[in-house]
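The values are calculated or read from the model by the stated rules, or taken from the named source; none is laboratory data. The shown structure was predicted, so the numbers you read here are calculated from the model rather than taken from an experiment. Note that we place each Cβ from the backbone using ideal geometry, even for glycine, and neighbour counts take in every protein chain shown. In case anyone asks, the SASA skips ligands and DNA or RNA and just uses the protein heavy atoms, side chains included. Shrake-Rupley method; radii C 1.70, N 1.55, O 1.52, S 1.80 Å.
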Amino acid sequence: SELIRGFLLSGMPCPSSCPPGLLALMAPGLALMATFSLPSQAGDRRTLPVEKPSGVKGRTLILLDVNTKSPVRIISENFLSLQLDPSIIHDGWLDFLSSRRLVTLARGLAPAFLRFAGKRTDFLQFHNVKNPAKSRGGPGPDYYLKNYEDDIVRSDIALDKQKGCKIAQHPDIMLELQREKAAQMHLVLLKEQFSNTYSNLTLTARSLDKLYNFADCSGLHLIFALNALRRNPNNSWNSSNALSLLKYSASKKYNISWELGNEPNNYRTLIGRSVNGSQLGKDYIQLRSLLQLIRTYSKANLYGPNIGRPRKNVIALLEGFMKVAGSTVDAVTWQHYYIDGRVSKVTDFLKTRLLDTLSDQIRKIQKVVNTYTPGKKIWLEGVGVTSSGGMNNLSDSYAAGFLWLNTLGLLANQGIDVVVRHSFLDHGHNHLVDQNFNPLPDYWLSLLYKRLIGPKVLAIHMAGLQRKHRPGRVIRDKLRIYAHCTSYHNHNYVRGSITLYIINLHRSRKKIKLAGTLRDKIVHQYLLQPYGKDGLHSKSVQLNGQPLAMVDDVTLPELKPRPLRAGRTLVIPPLTMSFYVVKNVNALACRYR
């Protein structure tokens, strides 16, 4: 009986030396094994009975298989996308988007959308002035800062004379002065945010040129959110300033998609009056008509309404919007932030209850959208740890990656077409790149995702997770496994390969045996762990034991896998994130695009 149990748990075939009659004795066990391959939905974590061998206490070998015949979901090629907040106009970082290093980092995450939007979207005014130096009233508060700003203008003029992408190499002194300026502005921005009172922002024609140049050079498609709080006396949208911006963009032949406003459910607290869903829908129809009048944008995509957390009043706003303008938008959008800035423990990122808060929101949004426009694509925009700019040494640490990777896996499994990460670079701590233009842990996690994960989502089948069910309590897994076809853009792997990505929130290692179609295949491991003495607080990471860092301003490091021999059990270290490419599976679902 011990021999039988051993074969059942390992998934190995009975050898030629089996005693007579052993196959007959194994029949009931084989029937039990068959239950491991019962069809299940993506992400299904039902407990299936597995008998543990005697003498092995508290250890469970997890058996894992993947349905390779057909995908359960197909998401956008631009699934993982990026956001820039308009606050970069205020704090000066917009002037540095031409940085060679920033463009290199952004190119690493292409193809993707670049959404230019945030809390200051509805205080943004377009001003068609080409050279901002001429419109400055006098010297700045600091002579050196004034000179530095003029240097930026002069360098921009020089760049205009070049053809193609406008890439700059900013002197270190300029970057140091900019960091000082941004630190001062950070306090102003935080004060505005906590008081919920925002000053107006001016976007000049040159600033728009810089923004588009960054997106275009990085291989990103720009999505621009227009100001929705310019209202007429009857509360309808005043489109005059938006029309000026559209005409300028069209004259430059900029390929842009559009949105209107940001979190309309918060307008009452911002301006003292609300805009209901029906009126917002009419505003979107007005914007669609405006786009159709401009040849460059007659077929441009339009996304919205970008609502906040779907509470009762927000759902009512979304329903009113969908009744009027559901067919007008190309995708329905909403935002999600997990926790507020008062949370101050790294262990918060390990709470499965926190990781699961997104599931209920997805269901609420899908219910409304499918009621009015069945099959309409849904996007999650502006996702981040917090809405208040994040927390230093927490939301920019390795530990925050558990939340980010689980968000990607959960959204893909639920069929959300695009997720927009807030933010690529800004004044807070939710970003992927810091103010020294160094990539943070979530950047490297995103880069691995882009390199290894394709748009086809596969269902997984698991057995062996031993969990004690407590009545009245939801079972929340600390081992999360997702599966996709390997990215077609990765030429290191033939079509038909499969990539698993695994989050282990346990404080002990877990062992996974690949079964079924994945059995006895060569596997490439990409194990991401914190680097240095700070542990989960670390802002540096290592891949398979090698620290990750840019080679130079134009070169990202090679992401080298660790090959595992065929049939080897996967050992997942505690509190880690990892990717596993199962080579040459020849999965039917993954052979064709």
Under 7 Å between Cβ atoms, at least 6 apart or on separate chains: pull out the pairs that start in the stretch 549-565 with a residue that is over 20 Å from GLN169 (Cα atoms) and end on any residue that is surrounded by 12 or more Cβ atoms within 10 Å (Cβ to Cβ) and charged (D, E, K, R).
-> LEU559/ARG451
Are there any pairs with C-beta distances below 8 angstrom linking a residue in the stretch 175-194 that is more than 15 Å from GLY118 (Cβ to Cβ) and part of a helix (DSSP H, G or I) to a residue that is of a type in the set (Phe, Trp, Tyr) and open to solvent by 40 Å² or more (accessible area, probe 1.4 Å), with the two at least 6 apart or on different chains, and if so which?
-> LEU177/TYR144
Candidate set from the stretch 69-115 (those that are under 21 Å from GLN414 (Cβ atoms) and among the hydroxyl-bearing types (Ser, Thr, Tyr)); member that is most open to solvent (accessible area, probe 1.4 Å) = SER70
Checking PRO305 against (1) within 21 Å of PHE321 (Cβ to Cβ); (2) more than 25 Å from the chain's Cα centre (by Cα); (3) in contact (Cβ under 8 Å) with a residue 40 or more places away in the chain, which test does it fail?
-> (2)
Can you tell me which residues in the stretch 212-229 are surrounded by 22 or more Cβ atoms within 10 Å (Cβ to Cβ), in a helix (DSSP H, G or I) and not small (Gly, Ala, Ser)?
-> PHE214
When you scan the stretch 56-90, how many residues do you find that are touching an Asp or Glu at 6+ places or on another chain (Cβ under 8 Å) and either modelled with pLDDT under 95 or small (Gly, Ala, Ser) (or both)?
-> 4
How many of the residues making up the stretch 264-281 are surrounded by 17 or more Cβ atoms within 10 Å (Cβ to Cβ) and touching a strand residue (DSSP E or B) at 6+ places or on another chain (Cβ under 9 Å)?
-> 7
Mind counting the residues in the stretch 230-263 that are over 25 Å from ILE307 (Cβ atoms), touching a residue at least 12 places away in the same chain (Cβ under 8 Å), of a type in the set (S, T, N, Q) and open to solvent by 30 Å² or more (accessible area, probe 1.4 Å)?
-> 2
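Kindly establish whether LYS560 is open to solvent by less than 80 Å² (accessible area, probe 1.4 Å) and of a type in the set (Lys, Arg).
It is false that LYS560 is open to solvent by less than 80 Å² (accessible area, probe 1.4 Å) and of a type in the set (Lys, Arg).
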Among the numbered criteria (1) surrounded by fewer than 17 Cβ atoms within 10 Å (Cβ to Cβ); (2) farther than 18 Å from ILE453 by Cβ; (3) not β-branched (Val, Ile, Thr), which single criterion is violated by LEU575?
-> (1)
Within the stretch 286-297, is there a residue that is at pLDDT below 95 and among the β-branched types (Val, Ile, Thr)?
-> no
Find the residue count for the stretch 429-447, including only residues that are touching a strand residue (DSSP E or B) at 6+ places or on another chain (Cβ under 8 Å) and either open to solvent by 20 Å² or more (accessible area, probe 1.4 Å) or farther than 30 Å from ASP172 by Cβ (or both).
-> 0
Index of the failed condition, VAL329 passing every other in (1) over 25 Å from ILE378 (Cα atoms); (2) touching a helix residue (DSSP H, G or I) at 6+ places or on another chain (Cβ under 7 Å) | (1)
Being more than 30 Å from SER218 (Cα to Cα) and modelled with pLDDT of 95 or more, is that true of even one residue in the stretch 100-108?
-> no
Checking LYS376 against (1) part of a loop (DSSP other than H, G, I, E, B); (2) at pLDDT below 95; (3) not aromatic (Phe, Trp, Tyr), the condition it does not meet = (2)
The correct count of residues that are surrounded by 14 or more Cβ atoms within 10 Å (Cβ to Cβ) and of a type in the set (Val, Ile, Thr) in the stretch 542-557 is 0
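Can you find a residue in the stretch 309-327 that is on the phi > 0 side of the Ramachandran plot and open to solvent by 10 Å² or more (accessible area, probe 1.4 Å)?
Keep residues of the stretch 309-327 that are on the phi > 0 side of the Ramachandran plot, which gives none.
Looking for residues that are on the phi > 0 side of the Ramachandran plot and open to solvent by 10 Å² or more (accessible area, probe 1.4 Å), one finds none in the stretch 309-327, hence no.
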